[in-house]
Each structure stands twice: as C-alpha cells, then as structure tokens.
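Accompanying notes for the structure given below.
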Amino acid sequence: MPAPERFTVAVIGGGIGGLTLALGLLELPNISVHIYEKAKAFGEVGLGVNIAPNSQQALAKISPKTEEAFAAEATHNLWPSHANSFTTNVCGMQGVDDGKVITRQVNATGARSVHRAKFLGQLVKRFPSERAHFNKCLMTIDQPDVRSTDKLTLHFKDGSTASADAVVGADGIHSHVRNAVLSREEHVGPHYTGCVCFRSIVPMPEAVRVLGKEYAENCHLLCGEKAAIFSYPVEHGESLNIIMMDFDHPHWDAPTWIVPSDKNELKRILKGWNKTAEGLVELMDTNVDKWAMHDLPHLPYYHKGRVVLMGDAAHATTPFQGQGAGQAIEDSLTLKTLLAACETKHDIRAAFRAFDLARRARTQSVVTTSRRSGAITGMMLEGIGSDIGKMKEELDMCYQWMWNRDLDDQNREALLLMKEAEGYHA
Ligand SMILES: Cc1cc2nc3c(=O)[nH]c(=O)nc-3n(C[C@H](O)[C@H](O)[C@H](O)COP(=O)(O)OP(=O)(O)OC[C@H]3O[C@@H](n4cnc5c(N)ncnc54)[C@H](O)[C@@H]3O)c2cc1C
C-alpha cells in the first residue's frame with residue numbers, strides 16, 4: 001500500500017481550540033501543521049475555566065501532550081466527599097429556600113478546572129516554536145476551486161502570505177475565516193445575549209475565611225432571581241475562581257465587550273441575596289470588569305471545500321454550562337481523527353464535510369441548552385421559576401446528555417460519514 005500523501009494544515013488562531021488541534025496533528029506522519037496567531041505571543045486572560053468530563057476525555061484521546069498539559073494544571077474539588085460532583089447548586093436568596101441545595105450534579109470525574117493562562121502555557125511549551133507564527137492576523141483566504149487540490153493562499157494584515165492544503169479557522173468568535181466559509185448573504189456575527197458577568201480570582205485562605213471551608217474548597221453555583229455566582233478552586237487549590245452572572249442586562253451599548261465596573265453594581269444586582277452571596281462579593285476585586293456575554297447564532301454549515309471552522313469561530317456559546325472550550329476540544333479530537341484518515345489531498349474535503357455533519361448538531365445544541373440552563377439558574381424560565389424541584393429536573397437534563405456522549409462512537413460515526421462523502425477516494 002502506498003504511503004499516505006503528505007499535506008500541510010494551517011491552523012488560524014492559537015487559543016485552546018487551535019493549540020489542542022495542532023498538538024494532535026503533530027502526531028500524524030501525513031501532516032505538517034502550522035499555527036498563525038494574530039497576537040505577538042500565545043496568551044489568555046488569567047482566569048479559570050472548568051473542563052467538563054466529556055472534554056477531559058477528549059484531551060486524553062487527542063494526544064499524550066494534551067493529556068499531560070491538562071494533568072499538570074487540573075484542579076479537583078478539594079474534599080473527597082465532593083470528588084464526583086461537578087457543581088452543587090444552592091439557593092442564594094434570602095427567604096424560604098435560603099441555602100438549600102437544589103441539585104448536586106455528579107459524574108464520573110467531577111469538576112476539574114484550570115487556570116486558563118497556565119493551561120495555555122502548558123499546551124504552548126509542547127508545541128514546536130518554529131511552527132508557530134505570530135503577528136499573523138489572517139484577513140482573507142483564496143481557495144481556487146472547492147474541487148481542486150491546488151494550495152490555498154492565506155493573506156495576512158501585514159501584507160504577507162502563506163500557503164496550505166487545508167485551513168482550520170480556530171480564530172474565535174470574531175473569526176475572519178468564517179468569511180471564507182459563508183457567503184456575504186449568509187454572514188453570521190456575534191449576538192448579545194442580554195447577560196453580563198464579573199470575574200475574579202482570590203487567594204484560597206481569604207475565601208475560606210469568608211465562605212467557610214466546604215463552600216470555598218469545592219465547586220458551587222449560587223442561584224437566585226436573575227443572577228448566579230459560580231465559584232470553584234483553581235491553581236491546585238491555592239485560589240478560588242469566582243464568576244458572577246447577571247441574566248437581566250438587556251442592552252449593551254458600549255463599543256467594547258469588557259468595561260470597568262465596581263462592587264456597587266454587584267451589590268445592586270444581588271440585593272436581597274444571602275450571606276454567602278455577600279461574602280462572594282466581598283471577596284471580588286474592588287474594580288471588577290463587566291463582560292458582555294455573546295454567542296453565535298447557528299451557522300448553516302462549518303466548512304467550504306478545504307476550509308473548516310472549529311471552536312468559538314463555529315459555535316461560540318454562553319459560559320453557563322462550562323462547555324465553550326470543552327466543545328472546541330471535542331472538535332479537535334474529531335478533526336484529528338478525520339485528517340488522520342486522509343490518504344490524499346482529495347480526501348480533505350470529505351473529511352471536513354464529515355466533521356460538519358458529525359459535529360454541527362451537537363455543538364449547536366450546546367449553544368441552545370447553555371442559554372436554557374442560564375435561564376433556569378436565574379429562575380427565569382417560564383413554568384419553572386424558583387420551583388427548586390423543577391429546577392433540579394431541568395438542570396440535570398441540560399448536563400447529562402453533554403457529559404455522556406461516547407467520543408469513540410462520535411469518531412466512528414464521523415469516519416463513516418467521511419467514507420460515504422462524495423470525493424473520498426479510499
Ligand atoms: C466569562 C467566560 C467564562 C467561560 N468559562 C468557560 C468554562 O468554564 N468552560 C469552558 O469550556 N468554556 C468556558 N468559556 C468559553 C471559552 O473561553 C471559549 O469557548 C474558548 O476559549 C474558545 O476557544 P477557541 O480556541 O475556539 O477561541 P479563542 O480562545 O477565542 O482563541 C482564538 C485565537 O485566535 C486568535 N485570532 C483571532 N482572530 C485571528 C486572526 N484573524 N488571525 C489569526 N489569529 C486570530 C486570537 O488571538 C486567539 O488567540 C468561557 C467564556 C467566557 C467569556
């Protein structure tokens with residue numbers, strides 16, 4: 001049997017999605033992978049990110065490098081009694097259900113969180129520096145004809161160009177690669193969701209002093225009317241990551257998505273909440289920023305010819321289920337599996353079509369259920385409101401289907417779709 005043809009893949013964007021994919025592709029003898037990143041270095045905002053069990057599994061399957069990078073930074077709930085708990089949802093309003101547990105969501109591995117910048121640092125140090133190109137802001141892509149196998153040309157803002165046989169757009173919610181996939185009429189841009197959030201990382205000893213040991217050292221979601229506060233340990237238990245979400249902020253007029261705010265705004269939003277909420281606000285930074293939450297309306301497809309979208313570029317979601325980075329990581333696993341099966345450049349188009357078919361429905365459902373779980377958590381969903389029995393039922397449903405997807409089965413399905421696709425020359 002002839003050796004598979006070697007080809008080049010350009011990954012646009014070096015966030016969690018782009019880097020996990022590129023590390024996976026490094027393992028494939030038929031692929032030469034390069035990352036083009038618009039920033040002058042890889043970087044992330046230094047806050048927490050929760051990695052759900054499905055995404056933990058995907059990291060282990062993509063490559064030993066992604067598994068090691070995660071293991072180096074992963075932080076569990078600190079108490080053995082919370083080992084399998086993703087989060088404990090608690091009522092945060094003063095009144096009848098004050099402090100009552102709504103649901104404790106349990107799964108095989110429990111909550112595992114990372115400090116974003118440190119996790120990204122672990123990924124970066126495992127990627128060869130000569131394959132990472134910085135200050136390369138992609139503007140446009142020339143794809144001669146979707147059926148040809150001539151190289152694609154990438155045009156960067158600095159006037160330089162590069163060529164590749166396949167392009168993966170991992171360039172986030174403001175993706176430029178999206179313009180090479182969708183026509184002008186199909187253009188889809190970020191959508192403001194009417195929610196904002198505020199985030200801080202605080203030293204664990206301070207958090208324990210204010211919240212008590214059990215609350216501070218394990219993942220909790222404090223729920224109440226129109227808001228919620230999510231908190232979980234990061235940095236191997238040295239710090240507590242806090243994210244306060246306001247689900248009732250209908251308008252966003254500022255030109256940027258992050259604006260300065262302060263604790264008075266938090267106190268106003270959380271009027272009538274309990275002592276734990278007051279404690280969480282006390283812990284947060286005095287001049288905390290306010291972040292506008294956007295997601296992406298459903299795209300009609302994720303690829304055109306040999307250009308494909310992944311992660312936030314394809315399906316940016318609200319953070320209410322902790323799945324944005326997680327779904328980008330699942331994308332990496334499926335793309336690696338499909339690209340590994342390409343024997344010639346002709347197969348790339350079939351691989352990307354199969355990726356679209358295998359991943360679009362699941363990733364778009366995450367966007368939908370994430371919004372829904374935000375509304376449930378904020379006691380705003382019609383027919384459910386603050387009825388904690390109904391909240392438990394609905395929240396459990398929103399999570400279990402995401403966590404329990406068999407990723408080997410997803411890969412098998414994707415490979416079958418690739419074989420069925422027109423143009424696949426196996
Ligand atoms: C408040 C908040 C909390 C969150 N919490 C969680 C959580 O707990 N769990 C979870 O799984 N997810 C969470 N997310 C979502 C998660 O952060 C994103 O889904 C994830 O980072 C997306 O990764 P990505 O690689 O697709 O895109 P990004 O991280 O946006 O990376 C895109 C990269 O592309 C580069 N780039 C952009 N344009 C270009 C260009 N034209 N040319 C070259 N490079 C370019 C950027 O500089 C960047 O490095 C949260 C999000 C927010 C806002």
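Residue by residue, here is whether (1) acidic (D, E); (2) surrounded by 12 or more Cβ atoms within 10 Å (Cβ to Cβ); (3) closer than 13 Å to V288 by Cβ holds:
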position: I242; (1), (2), (3): no, yes, yes
position: H249; (1), (2), (3): no, yes, no
position: A254; (1), (2), (3): no, no, no
position: D262; (1), (2), (3): yes, yes, yes
position: L266; (1), (2), (3): no, yes, yes
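Within segment 342-360, identify whether any single residue is more than 30 Å from P4 (Cβ to Cβ) and without any contact (Cβ under 8 Å) to a residue 60 or more places away in the chain, and answer yes or no. No, segment 342-360 contains no residue that is more than 30 Å from P4 (Cβ to Cβ) and without any contact (Cβ under 8 Å) to a residue 60 or more places away in the chain.
Do we have T66 as surrounded by 18 or more Cβ atoms within 10 Å (Cβ to Cβ) and among the polar types (S, T, N, Q) here? Considered against the rule, which asks whether it is surrounded by 18 or more Cβ atoms within 10 Å (Cβ to Cβ) and among the polar types (S, T, N, Q), T66 comes out as yes.
Figure legend. Inter-residue proximity from segment 16-42: first residues assigned to a helix (DSSP H, G or I), second residues polar (S, T, N, Q) and near the ligand (Cβ under 10 Å from one of its atoms), beta-carbon distance below 7 Å, spacing 6+ or different chains. Indicated pairs: G17/S332; T20/S332; L21/S332; G24/S332. Scanning segment 86-96 finds one or more residues that are within 27 Å of L123 (Cβ to Cβ) and within 17 Å of the chain's Cα centre (by Cα).
Among the conditions (1) outside any strand (DSSP E or B); (2) more than 30 Å from E265 (Cα to Cα), the only one that V167 does not satisfy is (1). Please indicate, with yes or no, whether at least one residue in segment 153-168 is of a type outside the set (F, W, Y), outside the structural domain of L240 (by TED's automatic domain parsing), within 21 Å of the chain's Cα centre (by Cα) and surrounded by 20 or more Cβ atoms within 10 Å (Cβ to Cβ). Yes: one or more hits. Take the conditions in contact with a Phe, Trp or Tyr (Cβ under 8 Å, 6 or more places away or on another chain) and within 16 Å of the ligand (Cβ to nearest atom) and apply them to Q327. Does it pass? The answer is no for Q327.
Of (1) within 15 Å of the ligand (Cβ to nearest atom); (2) in contact (Cβ under 8 Å) with a residue 24 or more places away in the chain; (3) among the small types (G, A, S), A216 satisfies all except one. Which? Tallying (1) within 15 Å of the ligand (Cβ to nearest atom); (2) in contact (Cβ under 8 Å) with a residue 24 or more places away in the chain; (3) among the small types (G, A, S), A216 fails exactly one: (1).
Give I258, I269 a once-over and let me know the one that is within 14 Å of the ligand (Cβ to nearest atom) and either closer than 30 Å to H298 by Cα or over 25 Å from the mean Cα position of the chain (by Cα) (or both).
It is I258.
Per the conditions (1) outside the structural domain of T87 (by TED's automatic domain parsing); (2) more than 11 Å from the ligand (Cβ to nearest atom); (3) touching a strand residue (DSSP E or B) at 6+ places or on another chain (Cβ under 6 Å); (4) not small (G, A, S), the sole criterion not satisfied by T317 is (2).
If you go through segment 115-141 and keep only what is surrounded by fewer than 18 Cβ atoms within 10 Å (Cβ to Cβ) and farther than 30 Å from Y232 by Cα, you end up with P128, S129, E130, R131, H133, F134, N135, C137, M139, T140. When segment 190-209 is limited to residues that are free of Cβ contacts under 8 Å to residues at least 12 places away in the same chain and not charged (D, E, K, R), the one that is surrounded by the most Cβ atoms within 10 Å (Cβ to Cβ) turns out to be V208. Just the residues that are in contact with a helix residue (DSSP H, G or I) (Cβ under 7 Å, 6 or more places away or on another chain) and within 12 Å of the ligand (Cβ to nearest atom), please, taken from segment 155-171. Scanning segment 155-171 gives V168, G169, A170, D171. Looking across segment 135-154, the residues that are within 11 Å of the ligand (Cβ to nearest atom) and either free of Cβ contacts under 8 Å to residues at least 12 places away in the same chain or of a type in the set (S, T, N, Q) (or both) come down to N135, T140.
Restricting attention to segment 112-134, the residues being more than 10 Å from the ligand (Cβ to nearest atom) and either under 30 Å from R199 (Cα atoms) or part of a strand (DSSP E or B) (or both) number 13. Taken over segment 371-395, the criterion of being of a type in the set (D, E) and either buried (at least 16 other Cβ atoms within 10 Å of the Cβ) or touching an Asp or Glu at 6+ places or on another chain (Cβ under 7 Å) (or both) is satisfied by E394 alone. With the requirement that a residue be farther than 30 Å from A69 by Cα and buried (at least 23 other Cβ atoms within 10 Å of the Cβ), what does segment 223-240 give you? Within segment 223-240, C223, G224, A227, A228 meet the criteria. Determine, yes or no, whether G194 is within 13 Å of the ligand (Cβ to nearest atom), out of contact with any Leu (no Cβ under 8 Å at 6 or more places or on another chain) and among the small types (G, A, S). No.
For segment 1-27, filtering for residues that are surrounded by 20 or more Cβ atoms within 10 Å (Cβ to Cβ) and farther than 27 Å from S113 by Cα leaves 3. Scanning segment 43-54 for residues that are more than 10 Å from the ligand (Cβ to nearest atom) and assigned to a loop (DSSP other than H, G, I, E, B) returns a single hit, G46.
The values are calculated or read from the model by the stated rules, or taken from the named source; none is laboratory data. Quick caveat, the model's predicted, so the values are computed rather than measured. Glycine also receives a Cβ, built like all others from the backbone with ideal geometry; neighbour counts cover every protein chain displayed.
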